[in-house]
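Okay, so here's the structure we're looking at.
The values are calculated or read from the model by the stated rules, or taken from the named source; none is laboratory data. Keep in mind that this is a model prediction, so the values were computed, not measured. Cβ placement follows ideal geometry from the backbone for every residue including glycine, while neighbour counts extend to all protein chains displayed.
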Amino acid sequence: MLLPIFGTLAGLALGVGVYHFLIKAKQQASKRTARRIIEDAQVEAERVKKEAFLEAREEFYKKRETWEGEVQEARNELRQLERRLQRREDSLERRSDDLSAKEKGLQTRARDIQAQEEQLQKARNEYDALILQEKKMLERISGFSEQQARDMLIQRIRKDVEHEAAEFVRNTLEKARQHADEKAKDIVCSAIQRCAADHTAESVVSAVDLPSDDMKGRIIGREGRNIRAFENVTGVDVIVDDTPGVVVLSAFDSVRREIARRAMEKLILDGRIHPARIEQVVQETDKEVAKLIQETGEQTALEVGIQGLNPKILNLMGRLKFRTSFGQNVLQHSVEVAHLAGIIAGELNLDIQLAKRCGLLHDIGKALDHEVEGGHPQIGADFLRRHRESPIVVNAAEAHHEGSVEPQSLYSIIVAAADGISAGRPGARRETLERYIKRLERLEEIANAFPGVETAFAIQAGREVRVIVNADKVSDREAITICRNIAREIEQELVYPGQVKITLIRETRVTEYAK
């Protein structure tokens, strides 16, 4: 029993001893390995240290060489700068020497100039003394003092200059007048040619065609109730007479007459004619015409190229579409005057847009002259003034007819001229055409009434009369008298724009035959 236990303890003791022996052996081996590693590390460290030292020394030598090279370059630059400075100093010394020499030369020259000035002053004093002696001698010989002689000479020169100045002014005025007449004719002719608008003697005929005469009874209605309702709603008189197929509408207000005409045409096409339907159609037509008027005004302003007009002014412009003056449509006339005024203003280097604005609005008062008392120039000017148009435009509308007010700008004169061109063209106005023909006939009658006149012709739209007299009955002196009397007779009897030129021709013709 004890033997196995003892054997076990002995085995344990032996195992423990062997274990300690192995541990010590490992420790010693580890120590040897550690010493070897340390020695290797020390050797490696020494090697690295030596290599780092060698690299540092090599880097040091390289940087020293670079620094020495830079120092050498700096020294070379300093030497170059020193040489440049030395050259500059030498150049400055040479310049200083040159300046010193020039200064000495200038001093010498100044002394010479001073000496010359003293000589000139001496000569001037001698010259003044001689002039004084000459003056005294001349005064003694002529018997006039210096002031008297000067006054006499000035008076003679003044007379000569005044005469030459008067002659120059007369010639200049004559040339300017001739040039101005030619220039004005060129401008007016150019404006007329560039704006050659077609004219038809237009008249708004307020007549409505009927499909048959039976429609007249339906328009009148039972006991005239339809026609009375139509007249009350539209404010237009309806004339139904024996004229076949036509009903005439009469009213001073052209816009009302246009509304009535359109409404009557609609009622005739519809066929339903009774008071309620009449009132409905007239109201619809009134709105259509109002819209048409506004659109017409806007389109007209766009056509002429005028911007910024008040809507009320545009509305009145549209109303002029239904207004005529002596058979000429006022809206077309206003557009033409605007274009003519713009062309004339362009020739005179004035504001074209302002001239067109004045021309377009000059007859705006004709849209109100049946509602407001007074002439259309004053009515239009007041209306434009209330709607804040410029004073130039207002004056152009107020002064475009002669005798109303004085024009205050060139634009007023241009508009008056353009208005006369547009209205005075043959065919532009029906009554004007008749007066135009009568005036031509009367011009020829006045000339032919004088004794010795063989024939007379009114030419150039009545601006000139060519008179041919009998050379056997009228002498040269009598021809002058006849021509003057014809002009005087025309001035007394006729009214015409501008002036009329009378050209009298007297010629002697001698005919022989060689046999």
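Here are the numbers for the structure shown:
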quantity	calculated
Candidate set from region 227-257 (those that are outside any helix (DSSP H, G or I) and surrounded by 20 or more Cβ atoms within 10 Å (Cβ to Cβ)); member that is nearest to the chain's Cα centre (by Cα)	A251
Matching residues, region 207-235, being more than 11 Å from M264 (Cα to Cα) and in contact with a Leu (Cβ under 8 Å, 6 or more places away or on another chain)	K216
Pick from region 359-388, criterion of a type in the set (V, I, T) and in a helix (DSSP H, G or I), ranking: modelled with the lowest pLDDT	I364
Residue match in region 338-349 (condition: closer than 21 Å to Q294 by Cβ and at pLDDT 85 or above)	yes
Residue check for K24: basic (K, R), modelled with pLDDT of 85 or more and in a helix (DSSP H, G or I)	no
The one condition in (1) closer than 30 Å to Q332 by Cα; (2) among the acidic types (D, E); (3) at pLDDT 70 or above that E202 fails to fulfil	(3)
Members of region 267-305 found to be surrounded by fewer than 16 Cβ atoms within 10 Å (Cβ to Cβ), part of a helix (DSSP H, G or I) and of a type in the set (K, R), listed by number	K287, K291
Those residues of region 389-407 which are over 12 Å from L361 (Cα atoms) and at pLDDT 85 or above, in sequence order	P391
Exclusive hit being more than 19 Å from P311 (Cα to Cα), buried (at least 17 other Cβ atoms within 10 Å of the Cβ) and either out of contact with any Phe, Trp or Tyr (no Cβ under 8 Å at 6 or more places or on another chain) or in contact (Cβ under 8 Å) with a residue 12 or more places away in the chain (or both), set A367, A345, A397, A381	A345
Selection from region 471-515 of residues that are under 18 Å from K438 (Cα atoms) and more than 46 Å from the chain's Cα centre (by Cα)	I486, E489
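Residue-by-condition table, conditions (1) assigned to a helix (DSSP H, G or I); (2) crowded, with 20+ Cβ neighbours inside 10 Å:
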{"position": "N315", "(1), (2)": "yes, no"}
{"position": "G318", "(1), (2)": "yes, yes"}
{"position": "H333", "(1), (2)": "yes, yes"}
{"position": "E336", "(1), (2)": "yes, yes"}
{"position": "A341", "(1), (2)": "yes, yes"}
{"position": "L350", "(1), (2)": "no, no"}
{"position": "R357", "(1), (2)": "yes, yes"}
